[in-house]
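To start, the structure itself, in structure tokens.
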Amino acid sequence: MSEKIYTDYLIIGSGVAGLRAAIELGSHGNVLVATKDLPTESSTEYAQGGVAVALSDEDEIGIHFEDTIKAGDGLCNEEAVKILVSEGPERIMELINWGAEFDKEGSKLAFTLEAAHSRKRILHAHGDSTGREIERVLINKVSSLERVTKASFTMAVDLIVEEGRCYGALLLKGDKIIKCFSKVTVLATGGAGQVYARTTNPKVCTGDGMAMAFRAGAHLKDMEFVQFHPTALYAPGIPAFLLSEALRGEGARLRNINGELFMKNYHHLGELAPRDVVSRSIISEMVKTKSTHVYLDMTHLEENFIKKRFPSIYSTCLRFNFDITKQWIPVSPAAHFIMGGVETDVWGRTNIEGLFAAGEVACTGVHGANRLASNSLLEGLVYGYRAACAASEYAYRRQNISNSFESKIDSIEASEISKMREELRQTMWEKVGVIRCGKSLSQAKTKIIPIYEKMTEKFFIDPYTIELKNMVVVGLMITEAALARKNSVGAHYRTDYREKLPGWEKHLRIRKKDTTVEVF
Ligand code: FAD
Ligand code: SIN
């Protein structure tokens, strides 16, 4: 027998988007924030570089707008970008009023530079722990709200949807399934980097929200656009720890294994070229020199400056026996961010009534085909807030909630799950990575389909198995969209279609059709 609970607002995920939404909804009714690990375990917590916002004396909202549009390579939703850059400053000032301590120079906020920004506009905290500071402030604020409850280690398994209307979600706590009925459900489950063998994302980023929404009949958009961060630590047996772009913003340089600087050969902006360009340039150097990595060199920067500006990166690398002040650090690209996701309007509304989405799980179109660095913490704040505003209005118009759901429980051997998970992640990395082509994508599809067929239409209550069921859906959606997009734009680069060919402006959407994935 499963337990039933009722809440006004169910928020799934406790990163920047979910917490910001919770703060707003806390004054409209009872809010449950369900999160599958500790509340802090999220991409937000590990964000290093900072948050982009047009607040410095030398900057303007219009310039932030232009840079974002340029990075998006022609596929941004201009309305969504306008909202991001113009509402961003208010959301950041609010955060500062709630106690966020961004770094300062004297009495003024300190701004740094990252790739493809034409102004210094990245706010940072404790040097390179910006996400942790934002998460700290939001969690404190949420904890002060009487009507908001956080449920840790509570994993959403599936949405409860009947006749195109969402009534909440099935939650898994321990081995107990809880039917959580809500007037409104907000997906804030973050990204899907774990679908790839090499990723900067934490373990929780398995694309659960995208897969749940897909199964429930939501439309997903722009799934072929995955951003690969150029500089993640490369060393056998060591995680792909992120080496922030802010290091290059402060002067770090890329060298191939022969010690040669190479970025100027690829782009006039050198190390600060757009992320996709830097990632592809690194791969090209790796191929040329037959190596597994290149080096990030910051040994010419002042030692004390590095330690003070990047304390967390310095100490984490030291734990892995790399001293960034003295050594060149081996790096190579890793999956970092997905521009696509559950399609929403600029108020977080999906095509399913009562279901909203915000943050990395969502696709408002704000990032187009390639995200401008440090725009996503801002996205979580701006669109978490907006989704909550629209959700609270929708809840007042809400009808009674349904409560029918029963399912038989399936299981698959743990060893088989691990094997399929690794096969999926490796396939995605090798065939649907930084550089793709029709042949590699078709090969990926052939490997992914049997896993998809084995997992889909089943109901599991083991978190690791549920994650694989979600990851394979997301992997398949990325692959299908990448196959369908027969041109190269933004972060999607195909060697068999190297240019933007006629029709490139069309966005690709994905939905469930019978038991398969339909691109439309
Ligand atoms: P997240 O912060 O990832 O939160 C998702 C939440 O959902 C988590 O709490 C997770 O546990 C929960 N969850 C997932 N599935 C379920 C489920 N089934 N049931 C219940 N809960 C679930 N962006 C910037 O703007 N600036 C940066 O400097 C920056 N640096 C980054 C560094 C790293 C290492 C990484 C990985 C990303 C970085 N990004 C940065 C990107 C940015 O951090 C993320 O895009 C953003 O934080 C996403 O916020 P979110 O709230 O959408 O998701
Ligand atoms: C970084 O610090 O390089 C990550 C910034 C981002 O992904 O926005």
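Among the residues of region 1-55, write down those that are aliphatic (A, V, I, L, M), open to solvent by 10 Å² or more (accessible area, probe 1.4 Å) and over 21 Å from Glu379 (Cα atoms).
Hits for region 1-55 are Met1, Ile5, Leu32, Leu38.
Filter region 121-135 down to the residues that are within 12 Å of ligand 2 (Cβ to nearest atom), within 18 Å of the chain's Cα centre (by Cα) and not in a loop (DSSP other than H, G, I, E, B) and list them by number.
If the condition is that a residue be within 12 Å of ligand 2 (Cβ to nearest atom), within 18 Å of the chain's Cα centre (by Cα) and not in a loop (DSSP other than H, G, I, E, B), then Thr130, Gly131 are the ones that fit.
Checking Pro230 against (1) at pLDDT 95 or above; (2) within 16 Å of ligand 2 (Cβ to nearest atom); (3) open to solvent by 30 Å² or more (accessible area, probe 1.4 Å), which test does it fail?
With respect to (1) at pLDDT 95 or above; (2) within 16 Å of ligand 2 (Cβ to nearest atom); (3) open to solvent by 30 Å² or more (accessible area, probe 1.4 Å), Pro230 is out only on (3).
Which of the residues that make up region 336-349 are surrounded by 24 or more Cβ atoms within 10 Å (Cβ to Cβ) and in contact with an Asp or Glu (Cβ under 9 Å, 6 or more places away or on another chain)?
Correct list: Phe337, Ile338, Met339, Gly340, Gly341.
State which residue pairs qualify: first residue under 17 Å from Glu250 (Cα atoms) and open to solvent by 60 Å² or more (accessible area, probe 1.4 Å) and inside region 307-327, second residue outside any loop (DSSP other than H, G, I, E, B) and of a type in the set (Ser, Thr, Tyr) in any location, beta carbons under 8 Å apart, and separation of 6 or more residues or different chains.
Lys307/Tyr314
Quick one: which residue in Leu138, Leu171 is assigned to a strand (DSSP E or B), of a type outside the set (Lys, Arg) and at pLDDT 95 or above?
After ruling out the rest, the residue left standing is Leu171.
Looking at region 219-259 only, could you name the residues that are away from ligand 1 (no atom under 15 Å from the Cβ), in a loop (DSSP other than H, G, I, E, B) and in contact with a helix residue (DSSP H, G or I) (Cβ under 9 Å, 6 or more places away or on another chain)?
His219, Met223, Glu224, Gly251, Ala252, Asn256, Ile257
Run down Lys469, Lys408, Lys445, Lys454 and say which single residue is of a type in the set (Lys, Arg), more than 26 Å from Leu483 (Cα to Cα) and either assigned to a loop (DSSP other than H, G, I, E, B) or open to solvent by 10 Å² or more (accessible area, probe 1.4 Å) (or both).
Going through Lys469, Lys408, Lys445, Lys454 in turn, just one is of a type in the set (Lys, Arg), more than 26 Å from Leu483 (Cα to Cα) and either assigned to a loop (DSSP other than H, G, I, E, B) or open to solvent by 10 Å² or more (accessible area, probe 1.4 Å) (or both): Lys408.
Filter region 174-196 for residues that are touching a Ser or Thr at 6+ places or on another chain (Cβ under 6 Å) and either more than 16 Å from ligand 2 (Cβ to nearest atom) or not in a loop (DSSP other than H, G, I, E, B) (or both) and give the result.
Ile177, Lys179, Ser182, Gly193, Gln194
Conditions tested, residue by residue: (1) more than 8 Å from ligand 1 (Cβ to nearest atom); (2) within 28 Å of His336 (Cα to Cα); (3) of a type in the set (A, V, I, L, M, F, W, C).
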| residue | (1), (2), (3) |
| --- | --- |
| Ser14 | no, yes, no |
| Leu19 | no, yes, yes |
| Gly29 | yes, no, no |
| Glu41 | no, yes, no |
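Do you know which of the residues in region 45-100 that are in contact (Cβ under 8 Å) with a residue 24 or more places away in the chain and among the aromatic types (Phe, Trp, Tyr) is farthest from Thr364 (Cα to Cα)?
Checked region 45-100; the qualifying residue farthest from Thr364 (Cα to Cα) is Trp98.
Any idea which of Asp222, Asp208 is open to solvent by less than 20 Å² (accessible area, probe 1.4 Å) and touching a Cys at 6+ places or on another chain (Cβ under 6 Å)?
Asp222
Take region 21-53 and flag every residue that is within 16 Å of ligand 2 (Cβ to nearest atom) and of a type in the set (A, V, I, L, M, F, W, C).
Correct list: Ala47, Val51, Ala52, Val53.
The values are calculated or read from the model by the stated rules, or taken from the named source; none is laboratory data. Every value quoted in this text rests on a predicted model; they were computed, and no experiment measured them. For neighbour counting, all protein chains shown are included, and Cβ atoms are generated from backbone atoms with ideal geometry for every residue, glycine included. Surface accessibility is based on the protein's heavy atoms, side chains included, excluding ligands, DNA and RNA. Shrake-Rupley method; radii C 1.70, N 1.55, O 1.52, S 1.80 Å.
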